[in-house]
Structures are given as structure tokens and as C-alpha cells.
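Enquirer: Structure incoming, see below.
Every number here is computed from the coordinates shown, using simple stated rules; none is lab data. Quick caveat: nothing in here was measured; it's all calculated off a predicted structure. Don't worry about glycine lacking a Cβ; one is built from the backbone with ideal geometry, like all the others, and counts go over all protein chains shown.
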Amino acid sequence: MDHIPKRFLTLERHIIENERKFPEATGELSDLLSDLALAAKIISLEVNKAGLVDILGFTGEKNIHGDEVKKLDVFAHEILINAMNHGGHLCVMASEEEENLIHIPKGNKIGKYVLLFDPLDGSSNIDVNISIGTIFSIYRRKSKGNGPGTMEDCLQKGSEQVAAGYIIYGSSTMLVYTTGNGVYGFTLDPAVGEFLLSHDNIRIPTKGKIYSINEGNYLYWDDGLKKYIKYLQQNDKETGRPYSARYVGSLVADFHRNLIYGGIFMYPGDKKNPNGKLRLMYECNPLAFIVEQAGGKASDGYQRILDIEPKELHQKTPLFIGSPHDVRIAEEFVQGKRDLET
Ligand code: AHM
Ligand code: MG
């Protein structure tokens, strides 16, 4: 797509051009991604108004139009469902905000794809104007026929994903996605209301200089992890240490920064939470697919995230994700195969 000046390359056009490379493609995945982009624009608008809530009405109250002001994460969840349940391409959905499967309403056409999403991740940061994000993951249905999708359709290994992406609502709104053919980033131009290609074929640096972890949990960590963090803090010119610590506490923001600059993000298991905090299906799998497509690595400390066999929709997993060299060394420490040099 070298012939198209970047500023004219909209997300929709990029998706369509990409799809043309696959003669068997039906255009359904393109439609799905376009619907997601529309939902993202609506959520972005609302996120940008978050600071005005005190002026326009508190959540739970009625606003000036007489509608109840919804919490933003609930709003994002509902927008995504409404934007995605009528296109005819999905057979079932699941959201971090909903315990059970979300079925396509009766009467609407049922399709061959499955959508899993975290509508607004990092929502504890909304009130303080810090970046938050939406994360999504798309699979092909496994169940036969064209009836409603099932749990089996949702509980697929991350390696089965056909597309994944996130939208970061930050200093600007960006959509980053992959269909297994590289990673592309688009920035929302608010004037024209379009996502325009701003980050072509994103590659994560092989090694970074940043580590991201909630160090407040230090006392609960295993020894291997404590040693790894100490290792990153040691002074050694040859291996580029010490690293810098950066932790927003908003997964999409922390991940996005490390994807561009290189580095490692960790949400480990610890004595309090053996499986950490992050959800395999809504957070870890989509970001793992993206990072691998960008040349990075994602692990639970022992195995590839994308190879984990899911048992339930909301299961959690420890996560080590980012530059391949950094994730490899983290694994060595976590597994006790490496020690601090004395
Ligand atoms: P959420 O899904 O309830 O928003 O929680 C997930 C968020 C992630 O964005 C972030 O990486 C993590 O929680 C931070 O957790 P902690 O505050 O324990 O460091
Ligand atoms: Mg979340």
C-alpha cells in the first residue's frame, strides 16, 4: 500500500486493501472491524466528556435529557453490544462486564464469528484523566450449523484468533489491530471522524529499557520474580541496565507504550492472587496475538499465552508481555533457571 499517502489511508480502506490479498475472503471480517471502529468512535466521544460529568450530572442521576447517566464502563459495554449484534457476522459475544454469554437477539442474522471484549479497561483511571482502553478478540465459530454460538465457540485457545486489537483513549484516540498479517495503528482524526494510518507495520524492539509492574505487591512475589526485578535495577552498561520503571495501571496504556518503545509488562501471580489479575480471554490473548505479530513475546512465566487451553470465560492468568529478549529473561528467573550474579 506504498502508493497511498499515509494521511489518506483510512482504517476502512486499509482493511479492504488487506482483505483483497486473500481471494477466499468474504468481506465479513472487514465489516466486523468497521462496526468495531464505529463503536470505538462513540466510546471515545463519551470518554472525552468524562470530566464533564459533574457539570452534566452524576452517574446514576438523570442528565438534562432525562436519560440516566451511565457509568462509562457500562456505557461502553452496551455500545459495543448494540453496534455488533445486528451486522449478521457474529454468532455470540462475551464481555468482561458480563458473567454469561451474550447472544444475538432473536430475529437477527447469525454469522460465523465470535467476539470477546473488555469494553473499558483500566476504568479506575477514568475519573483522573488517565488513558483507558477497549480490547477485542475475534474467533471463527467452532460449532456446526448457523444457530446461536456456544461456550465452545468462546473458549478457544488464543492461537485460534483471526483478529485482535485495542483502542486507546489517550492524548489522542488510537486503534491498533492485527488480522495475523502484521500490526497497524490508526489515529482518530476528530475533525473528519476517521481513523487514519499513523503507525504502519509496528515492530516491537527486540529488547527494551522499560519494565512495568505493580511494585506495591512486592512482598507477595515469589523469589524468582523478586530477583528478576532486582536484576533489572542493577547497573550493567553492556546489557543496558538499569531499566526505567513505568506503570500507569491501565493495561492498554502500559502495553501500548512498551509496544512502541520496547520493554516488558508484567502482572504476575503472587501469594495473594496465584493467577494474577488479568483475564485470559479479554485482555491477555488479544494483546498476546498483537505482540507476537509485532515480533514480541507473551508468556505466563512458563508457557506461551496463546497456547493456554481456556477452561472458563473469566479465567485469569499471570502475564509477562513485551520485547522477546526481556520476556525470555523474565521466564528464566521465574522458573528458577537463572540467578543474580554476585
Ligand atoms: P479492570 O479490568 O478492572 O479495569 O482492571 C484491569 C486493570 C489493568 O488495566 C491494569 O493493568 C491493572 O488492572 C492494574 O492493576 P493494579 O491496580 O493491581 O496494578
Ligand atoms: Mg479489564
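Enquirer: Would you tally the residues in region 242-273 being within 21 Å of Ile126 (Cα to Cα) and free of Cβ contacts under 8 Å to residues at least 24 places away in the same chain?
Expert: 0
Enquirer: Answer yes or no: is there a residue in region 151-160 that is assigned to a loop (DSSP other than H, G, I, E, B), farther than 19 Å from Ser250 by Cβ, free of Cβ contacts under 8 Å to residues at least 24 places away in the same chain and not small (Gly, Ala, Ser).
Expert: No, every residue in region 151-160 fails to be assigned to a loop (DSSP other than H, G, I, E, B), farther than 19 Å from Ser250 by Cβ, free of Cβ contacts under 8 Å to residues at least 24 places away in the same chain and not small (Gly, Ala, Ser).
Enquirer: Consider Pro148 carefully, then state whether it is more than 14 Å from ligand 1 (Cβ to nearest atom), assigned to a loop (DSSP other than H, G, I, E, B) and without any contact (Cβ under 8 Å) to a residue 40 or more places away in the chain.
Expert: For Pro148, the condition - more than 14 Å from ligand 1 (Cβ to nearest atom), assigned to a loop (DSSP other than H, G, I, E, B) and without any contact (Cβ under 8 Å) to a residue 40 or more places away in the chain - is not met.
Enquirer: Could you tell me whether any residue of region 128-138 is of a type in the set (Phe, Trp, Tyr), closer than 23 Å to Leu175 by Cβ and in contact with a Gly (Cβ under 9 Å, 6 or more places away or on another chain)?
Expert: The answer is yes; a qualifying residue exists.
Enquirer: For residues that are crowded, with 17+ Cβ neighbours inside 10 Å and in contact (Cβ under 8 Å) with a residue 60 or more places away in the chain, tally how many sit in region 213-226.
Expert: 2
Enquirer: Further question on the same structure: Considering only region 274-284, state which residues are touching a residue at least 40 places away in the same chain (Cβ under 8 Å) and either more than 10 Å from ligand 1 (Cβ to nearest atom) or within 11 Å of Asn214 (Cβ to Cβ) (or both).
Expert: Asn275, Gly276, Leu280, Met281, Cys284
Enquirer: What number of residues in region 209-238 are part of a helix (DSSP H, G or I) and either aliphatic (A, V, I, L, M) or more than 13 Å from Glu332 (Cα to Cα) (or both)?
Expert: Total satisfying the criteria: 13.
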